[in-house]
Structures are given as structure tokens and as C-alpha cells.
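**Student:** A single structure is presented below for examination.
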Amino acid sequence: MQGGEDRRKAQAQKNIVEVEYHGTKGLRYPHRLNFYDKPPSGDITIEEFETCALDRLRILAEIESSFVRNRPWEELSKITLAQCEKYLQLNSNSAKTVDKEAQRKKDHVGHFVLRLAFCRSEELRRRFVKAEMALFRVRYEKDDAQELKDFQNSRDFGWEEVSAKEKADHEEHLKAASAWSNRDVNVLTDGYYKVKWTRVPDLVEKRRVFLKAGMAWVPSREQSSIVFQEFQANLMKALEMTAKALPFLDEDTRIVPILNNLSQGFLAGVSSEWSTATAGSGNEITADMIDDMARKHFPACMRNLHECLRRDKHLKHFGRLQYGLFLKVLGLSIDEAITFWRRSFSNIQDDKFNKEYRYNIRHSYGLEGKRANYPAKSCQQILMSDQPGTGDSHGCPYRHFSPDNLQTALLSMYSSQGLTAADLPEIMNTVKAGHYHVACTRVFEITHARQGVAKGEGIGGGESVTHPNQYAARSRELEREREGASGKKEDDGDVVMG
Ligand code: SF4
């Protein structure tokens with residue numbers, strides 16, 4: 001007991017967490033695809049634990065957004081692959097210059113961390129399985145033919161090949177079951193596999209298989225259905241088992257807050273943090289620029305705060321915090337911030353401002369108190385914490401406004417940028433379903449259509465809004481691109497004229 005306690009302390013000191021160990025040590029990953037039968041083994045740092053999960057969560061959240069937006073499968077697949085390229089690369093076995101083991105380990109660890117976070121309720125389990133299933137299918141469909149075959153051969157899927165004689169005996173039935181397909185089907189030369197009918201309910205429901213003695217005869221082109229069904233059933237069962245084991249994890253005070261944060265993000269439909277590291281890269285801004293920027297580039301939450309500030313010449317604590325940190329990350333220096341807030345609170349005297357507000361502004365810039373550099377709040381934080389009460393202006397309008405107020409506010413904020421009453425039903429349906437950041441993303445697309453943003457493109461590559469600063473940064477970037485393009489045209493014109 002004492003030894004175990006010492007080991008725990010030593011690990012805590014090194015900030016290292018041991019992932020569950022039921023598997024063999026020194027896992028190898030011969031395939032890109034993974035059924036995640038065994039938990040990863042070995043030591044990883046807390047940071048790695050969290051990063052693997054966050055990167056995977058970004059992809060799953062984007063898949064969920066695609067479902068909400070009714071994207072066709074091809075589009076969902078394209079967006080998911082683009083996200084995987086960014087956050088969770090998985091190269092094929094033939095790739096020479098990348099560390100495939102590290103990539104596959106990240107995939108493995110991320111999956112298991114999210115299992116811990118999302119096994120806690122029926123709702124979370126259902127959504128997690130649906131998103132994971134889609135990710136698996138996207139990868140499966142894009143896998144190299146030989147590697148896919150190797151993967152299929154590496155597991156026992158419990159299918160039995162139908163013999164040539166059996167096919168000949170039931171040729172008419174097999175043809176009838178293929179009638180839905182417009183392709184040329186040659187029953188005698190195509191491959192068929194027998195499985196219990198309960199393993200392919202989707203094919204049975206669509207009458208795409210011949211049934212005999214409780215077995216479904218699945219054509220080889222539909223073999224993937226068996227694989228997907230098995231993946232889904234295994235994962236659901238594993239999540240239920242993990243949920244039962246979860247109370248034993250509660251003692252690890254390092255992991256629990258991370259898991260809570262992850263599941264909160266998923267509940268909010270938003271993939272947690274977006275890096276604000278590059279948000280201020282569009283040069284510093286000054287107090288004088290903010291009115292104009294709010295009109296052109298701010299998401300509804302910040303636009304609302306700005307308008308309340310202008311109307312009331314004041315904002316309550318949480319409003320100042322949400323807006324002040326947003327402006328800081330946008331590029332407002334401490335001196336400009338003091339100028340901005342001083343001018344905005346025009347109803348109060350210098351004395352009161354210096355006593356009650358100057359300190360807090362300097363504090364949020366890390367210049368007072370514990371001198372922490374506070375980050376701006378993400379959509380997840382705004383949606384899930386510090387719920388606004390009467391008289392408060394912080395929060396997310398998509399979540400915290402009544403439907404009538406939201407529609408009026410959106411029209412008043414964004415009609416000059418192209419939003420019309422005809423756009424509202426679609427936005428309000430998304431809000432009603434609780435997908436606030438998807439509604440915000442749709443408003444971004446509509447209000448940036450003039451800059452060439454198409455429906456479904458989101459803030460770039462189909463990505464959804466997850467952070468107010470990301471919204472504003474992308475909006476400014478689009479403006480700069482547009483100005484650059486028109487500047488270039490004029491230059492080109494000069495050359496022609498000359
Ligand atoms: Fe702001 Fe995020 Fe809500 Fe959009 S979804 S209004 S960026 S909190």
C-alpha cells in the first residue's frame with residue numbers, strides 16, 4: 001500500500017498520468033483503422049492526455065455540426081478529412097517520413113480519454129457513438145484497398161462466405177435483393193457473406209439482403225455495414241461498462257476537471273478551446289477603431305455588449321470581463337483599453353473610475369494581483385458558465401435571449417450586412433435544437449457572403465465558430481483579403497493604363 005502511495009506521489013510530482021493498463025505493454029499499431037478493443041498502455045503527460053482528447057473533440061464536434069446542418073455525406077466526409085489533416089493525421093503504412101506509431105497512439109489515447117468523458121449519461125453516450133461511428137466510416141471509406149483488406153482479415157467479423165453452389169441455388173432471390181441497385185450485378189461472380197440478420201439491421205430494413213434461416217446474405221459491396229454495425233455495438237457496450245467503472249476514477253484530482261471540461265464542451269456542441277495565439281495578429285487596434293469594428297466584425301455576443309455599453313454608458317462585472325478580455329485578445333493595448341473604458345463610462349467622474357475600474361482593467365491584462373495573463377472566454381465558457389440574470393448583458397444571445405428578442409436583435413445588428421427576415425427561420429430552428437454556435441456560424445456565412453463566403457463554408461473549410469475572437473479574426477482576415485485583392489486589381493490596372 002505504502003509503495004503504491006509513493007508511486008502515486010512520484011507521478012503527481014512529475015505531472016504524469018498513467019492511462020488504464022489492461023492491454024499489453026508496448027502496443028504496436030499495424031493498421032490505421034482501430035476498433036479500440038484495448039485501452040492504451042504506458043505513461044503520458046497530463047498535457048498529452050488533454051491535447052489528444054481536445055484535438056479529437058474538435059473533429060467530433062465538427063461532425064456533429066455537419067449532422068445539424070444536414071450536410072450530405074460527401075461534404076461531411078470532406079470536412080472531416082480536412083479536420084483530421086489538421087488535428088489528427090493518420091498516414092498509411094506506405095508513408096515513410098512520418099512517425100506513424102505516434103499518430104496512431106494519439107488517435108488511440110484521444111479516443112479513450114473521450115470515452116471517459118462521454119460515458120456519463122445516455123445522451124452523451126449516444127452522441128459520442130454517432131460521431132465516432134461517422135469518423136470511423138470516413139476513414140474506412142478512404143482507406144487504401146490493401147490496408148483495408150489487411151484490417152478486415154485482422155479481426156473475426158463472424159462472417160461466412162457463401163459457396164458457389166449456394167449462390168446458384170438462390171440466384172433468383174439474390175438478384176431480387178439486389179434490384180434496388182442500378183449497377184450490373186452478377187450474383188454468381190460477386191462475393192456474398194452470411195451473418196446473423198441482427199447484425200445488419202439497416203440492410204434488413206432497406207430490404208437489401210436475402211434472408212435465410214436467420215442469416216442475412218450480405219453482398220461484398222455491403223460488407224462495410226457489418227463492420228460499422230460491429231464498431232457501433234462494441235463501442236456502446238464498452239461505454240456502458242466504462243460508466244460503471246467511472247466512480248473509481250474520481251479520486252484522481254488531476255483528471256476529473258479535464259474530463260468535466262471535455263464533456264461540458266460536447267454538451268454545448270462546441271469543441272472547447274480555440275487557440276487565441278494568432279487572434280491579435282491583425283495589428284494592434286485603438287479605442288477609436290472599436291465602434292467601426294463592432295459593426296463589421298463582432299459576433300452577436302460582443303456586438304450586444306458593445307451596444308449595451310454605448311446605450312447605458314456602463315456594463316456590469318461579467319459583461320466587462322467578457323468584453324474586456326475579448327478586446328484584449330483582439331489587439332487592444334492596456335493604454336488603449338483604459339482610454340476606451342474611460343470614455344465609455346462617460347457618466348462617472350475620474351475619481352470613481354480610477355478607484356473602481358482602472359485596477360480591474362489592469363488586472364485582466366496581468367498587471368495587478370497575481371499577474372496572470374487571462375485568456376478571452378470561448379463559446380463553451382460563455383454558453384455554459386456565469387448565466388446572465390436580469391439586467392446583465394453578458395452571455396450568448398443565441399442561448400440567453402428569448403426567441404423574439406433574438407430575432408429583433410439579429411435583424412438590427414446584421415441587416416446592413418445582408419441578413420434578412422427570410423434567413424431567420426433556419427437560424428431559429430438551429431437555436432431551438434440547442435446548437436447555438438451553429439446558428440452563429442450560419443450568421444457569419446450570411447453576413448460575409450459579399451466577401452465570397454458560401455453556405456456551409458463556416459469560418460473556413462466548413463469549420464464552425466467556437467470562439468468569439470476566432471469569429472472576429474476571420475472576419476478581419478476576409479476584409480484584408482478583399483482589400484488586398486482590390487488593391488492588386490488597381491495596381492494591375494495601373495500597369496495596363498501605363
Ligand atoms: Fe458569441 Fe460564441 Fe455565442 Fe457566437 S456562439 S454569439 S461567438 S458566444
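**Student:** Within region 313-359, which residues are in contact (Cβ under 8 Å) with a residue 12 or more places away in the chain and within 19 Å of GLY389 (Cβ to Cβ)?
**Tutor:** Of everything in region 313-359, those that are in contact (Cβ under 8 Å) with a residue 12 or more places away in the chain and within 19 Å of GLY389 (Cβ to Cβ) turn out to be HIS314, LEU315, LYS316, PHE318, GLY319, ARG320, LEU321, GLN322, TYR323.
**Student:** In a helix (DSSP H, G or I), at pLDDT 95 or above, within 16 Å of the ligand (Cβ to nearest atom) and open to solvent by 20 Å² or more (accessible area, probe 1.4 Å) - does that describe any residue in region 260-268?
**Tutor:** To start, the set of residues in region 260-268 that are in a helix (DSSP H, G or I) comprises 260-267.
Next cut, at pLDDT 95 or above only: none.
Scanning region 260-268 turns up no residue that is in a helix (DSSP H, G or I), at pLDDT 95 or above, within 16 Å of the ligand (Cβ to nearest atom) and open to solvent by 20 Å² or more (accessible area, probe 1.4 Å).
**Student:** Hey, another quick one. Being in a helix (DSSP H, G or I) and away from the ligand (no atom under 14 Å from the Cβ) is the filter here, so list the residues in region 353-401 that pass it. Walk me through how you get there before you give the answer.
**Tutor:** First, pick out the residues of region 353-401 that are in a helix (DSSP H, G or I): 353-364, 379-384, 397-400.
Within region 353-401, PHE353, ASN354, LYS355, GLU356, TYR357, ARG358, TYR359, ASN360, ILE361, ARG362, HIS363, SER364 meet the criteria.
**Student:** Let me ask something else about it. Does region 439-458 contain any residue that is in contact with a His (Cβ under 9 Å, 6 or more places away or on another chain) and more than 23 Å from PRO72 (Cβ to Cβ)?
**Tutor:** No; the residues of region 439-458 include none that is in contact with a His (Cβ under 9 Å, 6 or more places away or on another chain) and more than 23 Å from PRO72 (Cβ to Cβ).
**Student:** So how many residues does region 446-465 have that are open to solvent by 30 Å² or more (accessible area, probe 1.4 Å) and either within 13 Å of CYS379 (Cβ to Cβ) or touching a Ser or Thr at 6+ places or on another chain (Cβ under 8 Å) (or both)?
**Tutor:** 0
**Student:** I'd like the residue in region 62-101 that is within 17 Å of LYS455 (Cα to Cα), at pLDDT below 90 and outside any helix (DSSP H, G or I) and, out of all such residues, is least open to solvent (accessible area, probe 1.4 Å).
**Tutor:** ARG69
**Student:** Then there is this: Given (1) open to solvent by less than 80 Å² (accessible area, probe 1.4 Å); (2) outside any helix (DSSP H, G or I), where does ARG221 come up short, assuming only one miss?
**Tutor:** Evaluating ARG221 over (1) open to solvent by less than 80 Å² (accessible area, probe 1.4 Å); (2) outside any helix (DSSP H, G or I) leaves (2) as the failure.
**Student:** Within region 289-322, which residues are outside any helix (DSSP H, G or I) and under 18 Å from SER364 (Cα atoms)?
**Tutor:** Scanning region 289-322 gives HIS314, LEU315, LYS316.
**Student:** Counting just the residues of region 446-489 that are free of Cβ contacts under 8 Å to residues at least 12 places away in the same chain and of a type in the set (A, V, I, L, M, F, W, C), which one comes out nearest to the ligand (Cβ to nearest atom)?
**Tutor:** Among those that are free of Cβ contacts under 8 Å to residues at least 12 places away in the same chain and of a type in the set (A, V, I, L, M, F, W, C), it is ALA454.
**Student:** Within region 317-363, track down each residue that is under 16 Å from ASN469 (Cβ atoms) and either open to solvent by less than 20 Å² (accessible area, probe 1.4 Å) or touching a Ser or Thr at 6+ places or on another chain (Cβ under 6 Å) (or both).
**Tutor:** GLN322, TYR323, GLY324, LEU325, PHE326, LEU327, VAL329, LEU330, GLY331, LEU332, ALA337, listed by residue number.
**Student:** Within region 405-445, restricting attention to residues that are part of a loop (DSSP other than H, G, I, E, B), surrounded by fewer than 17 Cβ atoms within 10 Å (Cβ to Cβ) and in contact (Cβ under 8 Å) with a residue 40 or more places away in the chain, which residue is farthest from the ligand (Cβ to nearest atom)?
**Tutor:** ALA433
Here is a yes/no grid of residues against (1) at pLDDT 95 or above; (2) out of contact with any helix residue (DSSP H, G or I) (no Cβ under 7 Å at 6 or more places or on another chain); (3) at positive phi; (4) in the same structural domain as LEU315 (by TED's automatic domain parsing):
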| site | (1), (2), (3), (4) |
| --- | --- |
| ILE348 | no, yes, no, yes |
| LYS355 | no, yes, no, yes |
| HIS363 | no, yes, no, yes |
| GLY366 | no, yes, yes, yes |
| LYS377 | no, no, no, yes |
| GLN381 | no, yes, no, yes |
| CYS396 | yes, no, no, yes |
| SER402 | yes, yes, no, yes |
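**Student:** How about region 466-482: which of its residues are surrounded by fewer than 20 Cβ atoms within 10 Å (Cβ to Cβ) and closer than 18 Å to GLU64 by Cα?
**Tutor:** Within region 466-482, none qualify.
**Student:** How many of the residues in region 32-61 are among the charged types (D, E, K, R), modelled with pLDDT under 90 and buried (at least 19 other Cβ atoms within 10 Å of the Cβ)?
**Tutor:** Count: 2.
**Student:** Whether any residue in region 197-204 is among the aromatic types (Phe, Trp, Tyr), open to solvent by 50 Å² or more (accessible area, probe 1.4 Å) and at pLDDT 90 or above is what I want to check.
**Tutor:** Yes.
**Student:** Among the residues of region 175-184, are any open to solvent by less than 20 Å² (accessible area, probe 1.4 Å) and touching a Lys or Arg at 6+ places or on another chain (Cβ under 7 Å)?
**Tutor:** Yes, there is a match, as at least one residue in region 175-184 is open to solvent by less than 20 Å² (accessible area, probe 1.4 Å) and touching a Lys or Arg at 6+ places or on another chain (Cβ under 7 Å).
**Student:** Then there's this: It is to be established whether one or more residues within region 389-399 are of a type outside the set (Phe, Trp, Tyr), touching a residue at least 60 places away in the same chain (Cβ under 8 Å) and loosely packed, with under 14 Cβ neighbours inside 10 Å. Working first, answer last.
**Tutor:** Pass one, region 389-399, residues of a type outside the set (Phe, Trp, Tyr): 389-397, 399.
Pick out the ones that are also touching a residue at least 60 places away in the same chain (Cβ under 8 Å) and you get 391-397.
Filter again for loosely packed, with under 14 Cβ neighbours inside 10 Å, leaving 391.
Taking every residue of region 389-399 in turn, at least one turns out to be of a type outside the set (Phe, Trp, Tyr), touching a residue at least 60 places away in the same chain (Cβ under 8 Å) and loosely packed, with under 14 Cβ neighbours inside 10 Å.
The values are calculated or read from the model by the stated rules, or taken from the named source; none is laboratory data. Model, not experiment: these values are computed from the prediction. Here Cβ is always computed from backbone atoms with ideal geometry, including for glycine, and neighbour counts include all displayed protein chains. With ligands, DNA and RNA removed, areas are computed over all heavy atoms of the protein, side chains included. Shrake-Rupley method; radii C 1.70, N 1.55, O 1.52, S 1.80 Å.
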